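Novice: Below: one structure in structure tokens.
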Amino acid sequence: MSVIRSTLALPPGERAEYWHELVSGTFIPLDVRLHEPVPSAGTITSRRLGPLQISEVEAGPQTVDRSARRIAQGGEEYLTVTLQQRGSARLTQGGRQAVAGPGTFTCSDAGRPYRREQPGTFRFTAFRVPKASLGVPDGDLRTATGTLFDGASGTSGLVAAYLGRLAEQAAGFDPHTAHRLALTTSDLLAVLFRERGGRLDPQAPEHAHGMLTRVQEYVLLHLGDPALGPERIAAAHHISVRYLHKLFRTGGTTVGRWILRERLERCRRELARPAARSVPTVAAVAQRWGFVSPSHFSRAFRAAYGMTPREWQAAARLRPAGAPGPSDRASR
């Protein structure tokens, strides 16, 4: 659920004080200075995805400071990733400055002083992330803060595109999905920070595990597409097909076998589901989950579960609720 707070309904003379309270209450304790004699209205729209907070901010020119005094008031456990959408901003932290424009993003560490200057009207989306969820050394965080990330190409472009889509659709996710997406966000940022620090080893176990998780989530979202295959999966994650196969070998399987197993499992569940109005045909279920050839589907189903799809469907409708079905041999 989104929470929207704004100074629009307030008299201009009361906006500055309320805006200061609103910004600090939404993010972390901060000092805010507005640069207009008559403050423009400001709006913050926030929502939560598990431990991740996403906030869209739209307001007039201002400067935000995170001083040592404000750090002592709390919030030092967070990192904020700010994706600029309109206007420009200058972030200063750790002796470095980064000037962000639309499509780029910056990172600020709430455990150290920083300043963010917005010289004109602006809109940005901020992602407040617990630093503990990233699992990266403090040195890598220091290397990433106060620097600019390009939103158009490379790893940073992938992260920017992901964050943008995540913010657009955040309100529609159920709690379980929201939590998983928050974990994926942390994984992506960790890869980005290690890369910026020159410490990224694509063969490292922690990187491989995170990448395999993201790949599997992508596959599950696209199971119904018959064109899904190693080349497309690898391209979507900016990795080689060879590396993709290596990721799945660490789990004792192959890309093709894993996709087949997941498709068969969803067909098995759907064929066993009680139908309120009509019984789904085997061909329709197979097609819905990415099988092009009915005969291939039937052979694969029989090999996995020991009976044909029609036999399973008929038996499932006679089976008492909660009774076990045939064992799943597809994962063996």
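Novice: Does region 153-163 contain any residue that is within 28 Å of Glu36 (Cβ to Cβ) and among the aliphatic types (A, V, I, L, M)?
Specialist: Taking every residue of region 153-163 in turn, none turns out to be within 28 Å of Glu36 (Cβ to Cβ) and among the aliphatic types (A, V, I, L, M).
Residue by residue, here is whether (1) under 25 Å from Trp258 (Cα atoms); (2) open to solvent by 70 Å² or more (accessible area, probe 1.4 Å); (3) not charged (D, E, K, R) holds:
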| residue | (1), (2), (3) |
| --- | --- |
| Ala161 | no, no, yes |
| Glu168 | no, yes, no |
| Asp174 | no, yes, no |
| Thr185 | yes, no, yes |
| Asp225 | yes, no, no |
| Pro230 | yes, no, yes |
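Novice: Now for a separate question. Of all residues in region 1-54, count the ones that are over 22 Å from Arg70 (Cα atoms), in contact with a Gly (Cβ under 9 Å, 6 or more places away or on another chain) and open to solvent by 30 Å² or more (accessible area, probe 1.4 Å).
Specialist: Here the count works out to 7.
Novice: Also, I was wondering about something else. Of the residues in region 79-135, how many are in contact with a helix residue (DSSP H, G or I) (Cβ under 9 Å, 6 or more places away or on another chain), open to solvent by 40 Å² or more (accessible area, probe 1.4 Å) and part of a strand (DSSP E or B)?
Specialist: Selection size over region 79-135: 1.
Novice: What pairs can you find where one residue is in region 177-189 and within 16 Å of Ala161 (Cα to Cα), the other is aliphatic (A, V, I, L, M) and open to solvent by 50 Å² or more (accessible area, probe 1.4 Å), and their Cβ atoms are less than 9 Å apart, with a gap of 6+ or different chains?
Specialist: Note: pairs meeting the criteria are Leu188/Leu158.
Novice: Does region 244-265 include one or more residues that are open to solvent by 80 Å² or more (accessible area, probe 1.4 Å), within 28 Å of the chain's Cα centre (by Cα), modelled with pLDDT under 90 and over 30 Å from Leu192 (Cα atoms)?
Specialist: Looking for residues that are open to solvent by 80 Å² or more (accessible area, probe 1.4 Å), within 28 Å of the chain's Cα centre (by Cα), modelled with pLDDT under 90 and over 30 Å from Leu192 (Cα atoms), one finds none in region 244-265, hence no.
Novice: Okay, next question. Condition first: closer than 20 Å to Trp19 by Cβ and not polar (S, T, N, Q). Now tell me which residues in region 48-73 satisfy that.
Specialist: If the condition is that a residue be closer than 20 Å to Trp19 by Cβ and not polar (S, T, N, Q), then Ile54, Glu56, Val57, Glu58, Ala59, Gly60, Pro61, Val64, Asp65, Arg66, Arg69, Arg70 are the ones that fit.
Novice: Of (1) acidic (Asp, Glu); (2) part of a helix (DSSP H, G or I); (3) open to solvent by 40 Å² or more (accessible area, probe 1.4 Å); (4) at pLDDT below 90, Glu311 satisfies all except one. Which?
Specialist: Glu311 satisfies all of (1) acidic (Asp, Glu); (2) part of a helix (DSSP H, G or I); (3) open to solvent by 40 Å² or more (accessible area, probe 1.4 Å); (4) at pLDDT below 90 except (4).
Novice: If you scan region 144-154, which residues turn out to be buried (at least 20 other Cβ atoms within 10 Å of the Cβ) and more than 23 Å from Ile44 (Cβ to Cβ)?
Specialist: Scanning region 144-154 gives Ala144, Gly146.
Novice: In region 107-137, how many residues are among the hydroxyl-bearing types (Ser, Thr, Tyr) and touching a Lys or Arg at 6+ places or on another chain (Cβ under 8 Å)?
Specialist: Going through region 107-137 one residue at a time, the tally reaches 3.
Novice: Right, here's the next one. Hey, any hits in region 194-217 for a residue that's at pLDDT 85 or above, open to solvent by 20 Å² or more (accessible area, probe 1.4 Å) and not charged (D, E, K, R)?
Specialist: Yes, because at least one residue in region 194-217 is at pLDDT 85 or above, open to solvent by 20 Å² or more (accessible area, probe 1.4 Å) and not charged (D, E, K, R).
The values are calculated or read from the model by the stated rules, or taken from the named source; none is laboratory data. This one's a predicted model, so the numbers in the text were calculated from it and none came from an experiment. Please note: Cβ atoms are built from the backbone with ideal geometry, for glycine as well, and neighbour counts cover all protein chains shown. All accessible areas refer to the heavy atoms of the entire protein, side chains included, with ligands and DNA or RNA removed. Shrake-Rupley method; radii C 1.70, N 1.55, O 1.52, S 1.80 Å.
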